[in-house]
Amino acid sequence: MSWKVEDKKEEISGGKLTVPNHDRFKVSTTYNALYKPSSGGFSSGRHYFEVEIHSGDVKVGVTTETHFAPGWANRGLYYLGNLSDGNALLISSFGPKIKPSDKVGVALELTDSSLKIYVIINGKSLGLTFFVSAPYPKPLFPAVSFSSPGEVTLSMPSKWPSIEYEPDVDVGIEGSWEARGIKGVGEHAIGLNIKPAGSNNYSLVFKVVNSITATLEHTSSGWSLKTGASTRVGTSGVAAAAESFILNMKLKDVVVQPEALELKTDGSSIRFKRTSDKKRPCTVNPFQKK
């Protein structure tokens, strides 16, 4: 088992790889390495490896020896939080950003018809992350890409991990919500994401056609809502009316239940149901020539 790095002919034995602050980062903001297991690359069946991040900003994924290359010429399937092909962004904010002390697991299922890749962060599965229909190149190898000096250790546990998506357990008002419309305005899908923004304060993003930001505060006298910026895509009909309602909403009360949320105003309300944050897997095949 050894590491093949982009700027050396000699391979580095063992599972640990240290990338110092050297001249390569003056040429490119990414430095790539491919790991060669003692059993060889992955061509069929199930395979699992883990990368422990000791330091640095590191993407984790897979590539082939043919597609492995220096800098941004490298091609593969990589996870950092975003999904990328080693160069271009494929899906933004798929999951939590990798940080030092994280253990990133990558589980692969290779069949004649497809390649499935699951990412596990600190024992918690993000579910199916990449789905690539055949044909795809083989064998595949574990790979990492550094955007700063850093150190990682790769291991290959014999136990297959749990790959089922494990959602965050949202409590209270925080999380993702969806409504089918506004009472007295009409039916149109409305998304809402709520995150904490300090003591008794929350950051909100409504999504109709445009995205509308807002701040929600809870005090002894009740709830207050202040809307902020909005994107400026042209709308009409119910969508336009819904966005106008949200931008001018005079909030009277907020009713929170485990799976339901209601924003009440004088004479109207928006009723939301909790939704999952799970994103669809990336289906791009970066190995095919365009």
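Computed quantities for the displayed model
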| item | result |
| --- | --- |
| The range 214-231 - residue that is within 19 Å of Y202 (Cβ to Cβ) and not in a strand (DSSP E or B) and, of those, least open to solvent (accessible area, probe 1.4 Å) | S221 |
| Looking only at the range 89-106, and only at residues there that are of a type in the set (A, V, I, L, M) and touching a residue at least 40 places away in the same chain (Cβ under 8 Å), the one that is farthest from E164 (Cα to Cα) | L90 |
| Matching strands (runs of 3 or more DSSP E) fully within the range 1-73 where at least 2 residues are open to solvent by 60 Å² or more (accessible area, probe 1.4 Å), β-branched (V, I, T) and without any contact (Cβ under 8 Å) to a residue 24 or more places away in the chain | none |
| Selection within the range 237-260 - of a type in the set (D, E, K, R) and surrounded by 13 or more Cβ atoms within 10 Å (Cβ to Cβ) | E243, K252 |
| Matching residues, the range 261-286, being among the basic types (K, R), surrounded by 15 or more Cβ atoms within 10 Å (Cβ to Cβ) and without any contact (Cβ under 8 Å) to a residue 40 or more places away in the chain | K264 |
| In the range 248-269, the residues that are assigned to a strand (DSSP E or B) and in contact with a Gly (Cβ under 8 Å, 6 or more places away or on another chain) | D253, V256, S268 |
| Residues being free of Cβ contacts under 8 Å to residues at least 24 places away in the same chain and more than 15 Å from W160 (Cα to Cα) - total across the range 115-130 | 0 |
| Any chance G234 is farther than 18 Å from V185 by Cβ, out of contact with any Asp or Glu (no Cβ under 6 Å at 6 or more places or on another chain) and open to solvent by less than 30 Å² (accessible area, probe 1.4 Å) | no |
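The values are calculated or read from the model by the stated rules, or taken from the named source; none is laboratory data. The model shown is predicted, which means the values in this text are computed figures rather than measured ones. Every residue, glycine among them, receives a Cβ derived from its backbone with ideal geometry; neighbour counts consider all protein chains shown. Surface areas here come from the heavy atoms of the whole protein model, side chains and all, with no ligands, DNA or RNA. Shrake-Rupley method; radii C 1.70, N 1.55, O 1.52, S 1.80 Å.
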